[in-house]
Amino acid sequence: MAQGLEVGNRVRLKLTTLDGETEIEGVVLPSALPDHITIKLANGYNVSHPLESIEVLSSTKSEPTATSPSVSDAPQNQDLPTVRIIHTGGTIASKVDYTTGAVTAQFEPSELVEHVPELLKIANLQVHKIGNMFSEDIRPNHWNQIIEATEQAFEEACDGVVVTHGTDTLHITASAIAFAWSGQGGNPPGRIAFVGSQRSSDRASSDAAQNLISAVKWAAEGPQPTGELSDAVVVSMHETSDDGACSIHAATGVRKLHSSRRDAFRPVNTTPLATVRIENKLVELQLEGHYQEARMNIVPRTITTKADRYDETIVIRQMVAGPWLTTREVEDAVGSNVDALVIHGTGLGHLPIENPNDDAPQNIELHQALEQLSLPILIVNQCIHGPVNMNVYSKGRIQQNIGLLGHGITSSPEAAVVKLHFALSHQLDVPTIMGQNLLGEQQQTILN
Ligand code: GLU
């Protein structure tokens, strides 16, 4: 190993390439190839070059950069609201492990907060760690742990709560917490904001800091939720792929719609409730017109201190409509004692259950199999955007006649599945519940 190229050092290198000489700067990672040096550049990308093509211009040992006071040491400002950060993990809590080059969820919640000292100007912060999980590993028992942690935070006089979470299933957990607080008429004592990030917090290109600032701003200073406009639980993520603004989305009207962009979270059948602008050290919260107007036209619900839980034993089997859906999938599911089926319908919510050319008998078989089932079968929308509408084509009407549920859904498909789980957890009548607007999840802003 050439001198100064130890893993973790910050280096400046002169590089000889086919196009001539150039300079690069970054942190040394374990080498990806023999006789090569691998560097993490400031933009977050890794590059490897042959050792013989480089000259070390400077090299310094990386020092920890966090110099701000720890959360527990920070002086409490009586004029600021109190926000508790409930930490579950995800990329927002991740950093590059320089021994393996992999991204792992390993930030402690207090470290995460200390990386963004601006937060201490917005709120007095407390932290509660549930875990350091990636969100694809989250299960309904984690929803219950988060619900409990939010109840505890409000009992202990917090004004708002921020839940840090991996982005893959963030909209699902956020919807679950929304139904837990407001699904049966409740309204939490304070604001609850979910936040994640698409780039780990130690990358120069990370979106974590601004997403977190925006979430804390909402939790600290946002309006008291109405409980009616899917505003009891919100999601704070980048508005565009640039820095400078984050959107505050209703939990049941948003979804991860891109695997890697910083603006991966887009509204579904609605527009954001608010925007947080973060420029030149100013952080400004602006409610959107449709939300402001809707707030004026409703009476906010009474505040409640307890939220509902989920039955962790409920089994929901999901399948996708299309050329491959057959009776077999349905029979396998029913044979393994599921509580409900969800089928992601095509277009407005359709299934392959007709045989107009008399050459697809499997469609008739599927029709008959579905007709005979007595368990709830919910149709959600493969298109994500737009309503499930089983009134437009005769196909949809046939589906309604055989008892398939879901007509009229305008929430995100995942929020509809969570609502089904919620109804089953509390022995509520599923067809009635699926047809109701429990907390504003039936987005009214954009219907077609
Ligand atoms: N798949 C991981 C998760 O959802 C990482 C993605 C992220 O956090 O953005 O937690």
* Considering amide H positions built from the backbone, and no H for Pro or chain starts, which residues 5 or more places from residue 344, or on another chain, come under 5 Å of its amide H? -> 319, 320, 321, 380
* **Distant-in-sequence amide H partners of residue 37 (H built 1.01 Å from N, under 5 Å)** => 49, 51
* In the Gaussian network model of the chain, springs joining C-alpha atoms below 10 Å, which of 426, 407, 87 carries the largest mean-square fluctuation? -> 426
* **Percent antiparallel among DSSP beta bridges (both partners in the chain, rounded to 5)** => 60 percent
* To do: Determine which lysines satisfy two conditions relative to residue 129: a Cα distance under 27 Å, and not lying fewer than 8 residues away in the same chain.
  => 95, 121, 217, 256, 306, 419
* Asked: Counting only residues 5 or more places away or on other chains, whose amide H sits under 5 Å from the amide H of residue 266 once H atoms are built in the peptide plane?
  -> 255, 257
* To do: Note the angle between two axes, namely the Cα long axis of helix 208-221 and the longest principal axis of the Cα atoms of the chain, as a number of degrees from 0 to 90, rounded to the nearest 10.
  => 60 degrees
* To do: Can you put 237, 296, 133 in order of Cβ neighbours within 10 angstrom, beginning with the fewest?
  => 296, 133, 237
* Structure fact -> With label points set 7 Å from each Cα along the Cα-to-Cβ direction at residue 305 and residue 400, the distance between them in nm comes to 4.5 nm
* To do: Per residue of region 171-178, in order, report the coupling 6.51 cos²θ - 1.76 cosθ + 1.60 (Karplus, θ = phi - 60°) as ³J(HN,Hα) in whole Hz, putting x for Gly and Pro.
  => 5, 6, 5, 4, 5, 4, 6, 5
* To do: Could you name the aspartates and glutamates whose alpha carbon sits less than 20 Å from that of residue 14, not counting residues in the same chain fewer than 8 places away?
  => 6, 23, 25, 35, 52, 55
* Asked: In region 313-381, what percentage of the DSSP-assigned beta bridges are antiparallel, given to the nearest 5?
  -> 10 percent
* Structure fact -> For region 386-401, Karplus-derived ³J(HN,Hα) couplings (6.51, -1.76, 1.60; θ = phi - 60°; whole Hz; x for glycine and proline) come out as x, x, 7, 9, 9, 10, 7, 9, 4, 3, x, 5, 4, 4, 5, 5
* To do: Pick out which of 117, 189, 361 has the largest mean-square fluctuation in a Gaussian network model of the chain, springs linking Cα atoms closer than 10 Å.
  => 361
* Asked: Where a ≥ b ≥ c are the square roots of the eigenvalues of the C-alpha gyration tensor, would you call the chain rounded, which needs a/c under 1.5, or, failing that, prolate if a/b is larger than b/c, or oblate?
  -> oblate
* For region 166-224, give the magnitude of the charge dipole about the Cα centre (Cβ charges: +1 Lys/Arg, -1 Asp/Glu; no others), in debye to the nearest 20. => 60 debye
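Computed from the coordinates by the stated procedures, all read-outs in this text should not be read as laboratory data. None of these values were measured; they are calculated from a predicted model. With ideal geometry, Cβ positions are generated from the backbone for all residues, glycine too; neighbour counts draw on all protein chains shown.
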